[in-house]
Amino acid sequence: MRGAVRLVLVAGVAAAFTGCSIPSWMPLVGKAKGPPPSGPPPSEVRAPLLSRPALPPDAEAVMDRVICVVNSDAVTLYELDEAEAYYLYENKLPRPSEGEERAKLRERVLASIVEKRLQIQQAEREKLTIEDAEMTERMGEIQKRLGATTAAEFEEMIKAQGLVIEAVRKRIREQLLVERMIRRKVSLRVSVTEEEIDRYLIANREKLETGLAFEARHILFVPGAGSGEDGWTAARRRADEIYSRVLAGEDFGDLAREYSEDAGTAKNGGRLGVLKRGELAPDIETAVLRLSPGEHSPPFRSQVGYHLFELDSKETLAGEQLAQARNQIRDILYKQKYETRLQEWLTEIRGKAIIEMRL
């Protein structure tokens, strides 16, 4: 039952953190503070902890049974149950039924506990320390986010949930150690060069330009209904004739008004309006966007007929838009490298550890 008593406040403490790696005891880290979630009230959300059968007289011994040893550091059944409840609370999930599904969930949760324990042990080996000023600042942030106006009120909120301030401070200190360790082993070893951004931009330019606007016109020639291939041949002949007049310098809009068989655009000189990349059929959009502004396409066959296209204008990745795209690319590449480096480091410290599972 003590896990249930702790859940509300620890979840609140967890929600007070943003931008930090998430410890197993604090699954709500990084979540923005907002209105209470809809659905079951908190007592029902905590059902994983409250719905156990009545514990025997030696419940404390059962709860504190060691289920894993990470080097010389023990993980208890109580810690696993508590972390599992936090995970279900955070993701608004019901407790899975006993069996393979729940066993897999608990395996993942235990792996997360072991991972965090290894990081803390590494920080201790490298003699990392957390200054009192850092602790004071972080505790102040949590106090403010929980709505406590004074340190005494904050401590009373903690005591009301069956916690002690020393335990909360210990967990926060461990979280700060993990953050500092990851910064030393991962963040400071990751960088993105301008050359890497250039290569990504070239390889993904089409995707990055999705949503940019362009303006175009067309003249459409439709094969007669039921005329088969002969109808397509006749439509191509009409398109070739008008295309030669476009190349001779006649006004594209005037020709569209007179000859286009698209009644919806002909009266407007063939204008398709302002379009966003991705709005037209891919084959038609490709034919239009390969043109330069003011340039005309030769007859292009689509599913509806033969088109002549004129590109009036198009936005490109340049100036401020290009700068924004490069910043987005830098973020994408950094996150990819960060995750790769993080997993490499975690694999490295796991490989050096002695982990004994007793579950």
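The values are calculated or read from the model by the stated rules, or taken from the named source; none is laboratory data. Keep in mind that what you see is a predicted model, and the values were worked out from it rather than measured. Every residue, glycine among them, receives a Cβ derived from its backbone with ideal geometry; neighbour counts consider all protein chains shown. Note: areas computed on protein heavy atoms with side chains; ligands, DNA, RNA excluded. Shrake-Rupley method; radii C 1.70, N 1.55, O 1.52, S 1.80 Å.
Over the C-alpha trace of the stretch 218-359, radius of gyration and Dmax come out as 26.3, 85 angstrom.
Starting from the Cα-Cα distance between S302 and E101, subtract it from 0.36 nm times their residue separation and give me the gain in nm to one decimal.
Fully extending the segment from S302 to E101 adds 67.2 nm.
Solvent exposure of D73, expressed as accessible area, is near 50 Å², computed with a probe of 1.4 Å over the protein chains only.
Summing +1 for each Lys or Arg and -1 for each Asp or Glu, what net charge is found among the other residues whose Cβ lies under 14 Å from the Cβ of R238? Don't skip to the end; give the middle numbers.
Numbers: positive: R236, R237, R245, R301; negative: D230, D240, E241, E258, E261, D262.
Once positives and negatives cancel, what remains is -2.
Label point 7 Å out from L247 along Cα-to-Cβ: which residues of the stretch 290-321 have amide N under 13 Å? What the label zone holds, given the 13 Å backbone N cut-off, is 296-299.
The charge dipole of the stretch 126-266, taken about its Cα centre with unit charges on the Cβ of Lys, Arg, Asp and Glu (plus for the first two, minus for the last two), comes to roughly 1020 debye.
If you take the square roots of the eigenvalues of the alpha-carbon gyration tensor of the stretch 91-141 and sort them as a ≥ b ≥ c, do you get rounded (a/c under 1.5), prolate (a/b over b/c) or oblate? Oblate.
Just to confirm the filter: which GluC sites (Glu not before Pro) across the stretch 259-359 are DSSP coil and have at most 12 other Cβ within 10 angstrom of their Cβ? Let's see the in-between values first.
Numbers: sites: E261, E279, E285, E295, E310, E315, E320, E339, E344, E348, E356; in loops: E261, E279, E295, E315.
In loop regions of the stretch 259-359 (DSSP not H, G, I, E or B), the sparsely surrounded GluC sites (Glu not before Pro) are E295.
Solvent-accessible area of Y259, all protein chains in place: 70 Å² (probe radius 1.4 Å, heavy atoms, ligands and nucleic acids excluded).
Model label points for D132 and A167, set 7 angstrom from Cα along the Cα-to-Cβ axis, are 2.5 nm apart. Measuring max minus min along each principal axis, the C-alpha atoms of the stretch 140-233 give extents of 88, 37, 24 Å (largest first).
Let me check something: with ligands and nucleic acids excluded, how do D331, D198 order by accessible area (1.4 Å probe), largest to smallest? Walk me through the intermediate numbers first.
Working: D331 85, D198 65 Å².
From most exposed to least exposed: D331, D198.
Legend: distances between Cα atoms for K116/K335; K207/K276; K116/K159; K104/K170; pairs beyond 24 Å are K116/K159; K104/K170.
Three semi-axes describe the equivalent ellipsoid of the stretch 168-291; taken as square roots of 5 times the Cα gyration tensor eigenvalues and ordered largest first, they are 57, 16, 14 Å.
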